[in-house]
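Q: Just passing along the structure, written as C-alpha cells.
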Amino acid sequence: MNADTVLAAKGGCRRSLARTISALENHTLNIDEALSIIGDDNSSKLQESHWETMAITGAPGVGKSCLVDKIISHWASQGKKIALLAVDPSSSRTGGALLGDRVRLSVVDDIMLKDMVYVRSIATRKSSSSVPAIVSDIVKLLVALGWDRVVIETVGAGQSEVRCAAIADRIVVVEGPARGDGIQAEKAGLLELADAVIVNKSDMAGARKHADEIKESFELGIGQSPPVILTSALTGDGCLMASDVLLNLQSTGRSSKARWRERLLSRLEQRILKNPQLDSLLSSLASGSIELDEALNKLNN
Amino acid sequence: MGTMIRVVVAKPGLDGHDRGAKVVARALRDAGHEVIYTGLRRTASQIVETVRDEDASFLGLSSLSGAHSHLFPKVCEELRNAGLNDVIVFGGGIIPTTDRQALFSCGIKAIFGPGTSTAEILKFIEVAIELDDVGVGESNDWYWQGD
C-alpha cells in the first residue's frame, strides 16, 4: 500500500479513499500506519457528549436501509459529511457476498448531496458477527479524513447480536410492527443496549402498539429510558423527527461495562482471524486430528 | 486473507429486466467474489461513482433494452474521465453480434449473451484479473473470445 494513495485520500480523492479502505480490509495497510500518514494522533476519541459512530441495527427486513437513506439525506442537507458503512454477510462456505444495500439508497443519486455522502458496502468476510472488527479501523480512518459522522448499518441481527456495541458510540435498534407480543420487549438482549429505538413501518397496523410496549418495558427498568420513535420510511412520516433526535442522541450510559465486554471480545476475534495459522488449524479441526482447546492454545501462542 | 475481487453489477438505462444480472451476481458470489448490485435504471455517472466508491476492479453491465450501443460506450467514457482506467468492463444481455465489435473497440472486454454458462463468465474473470493492462482506459486491446 502506497503512502501517496492515503495522502490523495486526505486531499479528497474518493477513489483513493476507497482504495485505502480496501487496503485495510485486505490487511495490506494497518490503521496506525494510515493515521500516521494522515497525521492523526490516533487518540481514543470516545467522548460521551458527541457521537462519531452510530450503529443502526435490527432484524432483517424491518427497513434499516430505507430509513438510513432518509436520515442521512437529512443530515447531509444540513451540511454534515456522512459516511455510511453498509454491512452484508459473506458466505461462510465460499467467502463470496452479495452486497445489496445500495439498491435502497437514493441519497447517492442526489446531485446536491452526493459529495457530502460516502457509501461503502462491507462484507463480513470471516467475522461471525453483524459488524466485522475491521470496521472499527475503517471508522478511525474516515473520522481522521474529516467525515463528521459514520453510520454503520449492520447485518440484519436477531435478539442477542450486540457486537455492534464494540464499535459504535451510539446504538439505534430498528423494530417493526408485529414483532411479537409485549413479552418480546421484556426479553434481555439487543434492546437493553439501545440508545434509541425506532419502530418503523408506522403505516402498518400494530406499529404504535409495539412502540408502546417497548416504552413500557423501558419504564420498568432503572436509569434513563432511551427515546422510542415511530417512523415510516415509506411515507416519510416521523423521519425528520428521528433524524433530529438521532443527530444529537446522548448515550443512555446504561451499559458501559457491556460495551467494553463487546470491545474485548471483538478484539480477541480479530486477533484469531488475523492469525496466519488459522486456515491450517481449521483443516486439522475438520479432519479431527486436533481438539478445540488444543487449537485455541496454538492460536494464543 | 488475500485480496478479494470486488465486482459491480449494474443495470444502465431504462430497463427493468434484471434476472440475468441477478444470475450473474449470484454466480460471482458463489465463486467467492464480493458483488455490489446497483439496482435498476442507473445513469452512467451513478454507475461510475459506485465503481469508484466501492473500489471495484470489475464492472458488469447488463442491458436488454437495445440501448447498449449508446449506454455501454458512455459508461466506458465516464470511467476514463474519472481516472478509473484500470477497471475491467464486461457486458451482457441482448447484444446482436453485429454490434459487438464496436463495443470491444470502446473498451468492453467481454460480451455474454443468452445461453452463456456462468462458468464461462467466471473463467473470464479469472483470466482477465491476471492480465494487468486490460482496464477500460489501458492500452491492451485484448478481449474475451470464448473458452
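Every number here is computed from the coordinates shown, using simple stated rules; none is lab data. What you see is a predicted model, and the numbers here were worked out from it, not measured in a lab. Please note: Cβ atoms are built from the backbone with ideal geometry, for glycine as well, and neighbour counts cover all protein chains shown.
Q: For A:Glu216 and A:Asn275, calculate 0.36 nm times their separation in residues minus their Cα-Cα distance, and state this gained length in nm to one decimal.
A: Extra length from A:Glu216 to A:Asn275 when fully extended: 16.7 nm.
Q: Next up: So how do B:Asp99, A:Asp4 line up by other beta-carbon neighbours within 10 Å, fewest first? Could you put the intermediate results ahead of the total?
A: Working: B:Asp99 14, A:Asp4 10.
Ranked by crowding around the Cβ, least crowded first: A:Asp4, B:Asp99.
Q: Same structure again: Using a/c under 1.5 as the rounded threshold, could you call the protein assembly as shown rounded, prolate or oblate? The axes a ≥ b ≥ c are square roots of the C-alpha gyration tensor eigenvalues, and prolate needs a/b larger than b/c, oblate otherwise.
A: Prolate shape, in that a/c is at least 1.5 and a/b is the bigger ratio.
Q: Rounded to the nearest 0.05, what FRET efficiency do A:Thr235 and A:Leu7 have when you use their Cβ-Cβ distance and R0 = 41 Å?
A: That gives a FRET efficiency of 0.35.
Q: Now for a separate question. In the protein assembly as shown, what % of DSSP beta bridges are antiparallel (nearest 5)?
A: 0
Q: Between A:Asp244 and A:Asp110, what is the label-to-label distance in nm when each label sits 7 Å out along the Cα-to-Cβ direction?
A: 1.7
Q: Can I ask one more? Using 0.36 nm per residue, how much length does the chain from A:Trp260 to A:Ala286 gain when fully extended, once their Cα-Cα distance is taken away?
A: Gain on stretching A:Trp260 to A:Ala286: 6.1 nm.
Q: Sticking with this one: For chain A, what does the relative contact order come out to in percent, with C-alpha contacts under 8 Å and a separation of six or more?
A: For chain A, the relative contact order is 19 percent.
Q: How would you rank A:Trp51, A:Trp260, going from fewest to most other Cβ atoms within 10 Å of each one's own Cβ?
A: A:Trp260, A:Trp51
Q: Next question. Test of understanding: what is the full-extension gain from B:Lys123 to B:Thr98, defined as 0.36 nm times their sequence separation minus their Cα-Cα distance?
A: This chain segment gains 6.6 nm when fully extended.
Q: I want to check the label-to-label distance for A:Asn297 and B:Val23. Put each point 7 Å from Cα in the C-beta direction and report it in nm to one decimal.
A: 5.4
Q: Here's something else I'd like to know. Sorted from fewest to most neighbouring beta carbons within 10 Å, what does the list A:Asp195, A:Asp110 look like? Write out the running numbers ahead of the final one.
A: Values: A:Asp195 24, A:Asp110 15.
With the fewest neighbours first, A:Asp195, A:Asp110 line up as A:Asp110, A:Asp195.
Q: Report, as an integer, the average count of C-beta atoms from other chains found within 10 Å of each Cβ along B:31-41.
A: Taking the mean over all residues of the peptide, I get 6.
Q: To make sure I understand the rule: partners must be aspartates and glutamates, Cα under 19 Å from the Cα of B:Lys22, and not fewer than 8 residues away in the same chain. Which ones qualify?
A: Answer for B:Lys22, where 19 Å is the Cα cut-off: A:Asp88, A:Asp101, B:Asp30, B:Glu34, B:Glu54, B:Glu120, listed by chain and number.
Q: Within straight cross-link reach of A:Lys140, meaning Cα distance under 26 Å, which lysines are found once same-chain residues fewer than 8 apart are removed?
A: The qualifying lysines are A:Lys10, A:Lys45, A:Lys64, A:Lys70, A:Lys80, A:Lys81, A:Lys114, A:Lys126, A:Lys257, A:Lys274.
Q: Given a Förster radius of 60 Å and the C-beta distance between B:Arg41 and A:Glu33 as r, what FRET efficiency does 1/(1 + (r/R0)^6) yield to the nearest 0.05?
A: 0.90
Q: Now for a different question. As a test, work out the antiparallel percent of DSSP beta bridges whose residues both lie in segment A:45-262, rounded to the nearest 5. It would help to have the intermediate numbers written out before the result.
A: Values: 1 of 29 bridges.
Percent antiparallel among DSSP bridges in segment A:45-262 is about 5.
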